[in-house]
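Each reported figure results from applying straightforward, stated rules to the coordinates on display, with no laboratory input. Owing to the predicted nature of the structure, the values given are computational and were not obtained by experimental measurement. Here the Cβ positions follow ideal geometry from the backbone for every residue, glycine too, while neighbour counts run over all protein chains shown.
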Amino acid sequence: MPSPSPPSGAACIFCEIAAHRAPGYVLYEDADTIAFLDLYPFTRGHFLVVPRRHGARLADLDEADRIALMHTVDRMCRRVGRLAPDYNLALNAGAAAGQIVFHVHFHVIPRYGEANPFHPRPRVALDPEDAGRVVATLAAP
């Protein structure tokens with residue numbers, strides 16, 4: 001079954017962020033991938049790792065894009081320890097699995113000893129001042 005795409009004529013927000021046509025708190029980027037803070041984080045420092053080329057699911061990407069994506073996931077999982085020693089790594093594939101933006105992406109969610117961050121509760125918008133501090137912590141090589 002084919003993966004959903006943005007409605008005809010609608011732009012994919014992750015494609016827009018990757019192309020720098022929409023704002024984002026960028027932590028890392030290279031020719032094939034980009035990592036940026038989630039605007040409605042489960043925990044402080046929750047970020048996303050996405051391929052620049054659009055694909056709704058991991059299986060929609062060609063092998064080179066999958067490899068590049070996993071390299072960046074690895075790089076950013078090594079950096080998340082600057083915020084917290086523990087983290088969740090999540091991939092939601094499809095609407096029934098909780099995928100909201102249909103551009104494949106991994107969530108990296110630092111854990112600070114709080115209860116399950118996936119527990120249904122209102123998510124609070126990212127604070128721009130704190131976002132700047134997190135970017136300074138995680139963006140440095």
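Cα axis of helix 128-139 to longest principal axis of the chain: angle in degrees, 0 to 90, nearest 10?
For helix 128-139, the angle is close to 80 degrees.
Relative to the longest principal axis of the C-alpha atoms of the chain, give the angle of the C-alpha long axis of helix 63-79, reported between 0 and 90° and rounded to the nearest 10°.
Approximately 10 degrees, to the nearest ten.
Just to confirm the filter: which GluC sites (Glu not before Pro) across the range 45-133 are DSSP coil and have at most 15 other Cβ within 10 angstrom of their Cβ?
114
For the chain, what is the calculated [θ] at 222 nm in deg cm²/dmol (nearest 500), taking -39500 (n - 2.57) for each run of four or more DSSP H residues and dividing by its residue count?
-7500 deg cm²/dmol
Taking R0 as 30 Å, what FRET efficiency do you get between residue 139 and residue 88 from their Cβ-Cβ distance, rounded to the nearest 0.05? Walk me through the numbers on the way to the answer.
Numbers: r = 21 Å, r/R0 = 0.69.
The formula returns an efficiency of 0.90 here.
Taking H as built 1.01 Å from N, whose amide H comes closer than 5 Å to the amide H of residue 87, not counting residues under 5 places away?
Placed amide hydrogens put 111 under 5 Å from residue 87.
At q = 0.17, 0.20 Å⁻¹, what log₁₀ I(q)/I(0) does a Debye calculation on the Cα points of the chain give, no solvent, two decimals?
One equal scatterer on each Cα of the chain leads to -0.96, -1.33.
For the range 65-107, what does the alpha-carbon gyration tensor say about shape, rounded, prolate or oblate, given a ≥ b ≥ c as the root eigenvalues, a/c under 1.5 as rounded, and a/b over b/c as prolate?
Working: a/c = 3.39, a/b = 1.50, b/c = 2.26.
Since a/c reaches 1.5 but b/c is at least a/b, the shape of the range 65-107 is classed as oblate.
Under unit Cβ charges (Lys, Arg +1; Asp, Glu -1), what dipole magnitude, rounded to 20 debye, does the chain have relative to its Cα centre?
240 debye
With viscosity set to 1.567 mPa s at 4 °C, what whole-number translational diffusion coefficient in µm²/s follows for the range 83-141 from Stokes-Einstein and a Kirkwood radius over Cα pairs?
Using the Kirkwood radius from Cα pairs, D works out to 95 µm²/s.
Of all the stretches in the chain, which is the longest one without any exposed loop site, taking chymotrypsin sites (Phe, Trp or Tyr not before Pro) in a DSSP loop (any state but H, G, I, E, B) with at most 15 other Cβ atoms within 10 Å?
With a cap of 15 other Cβ atoms within 10 Å, the longest stretch comes to 1-111.
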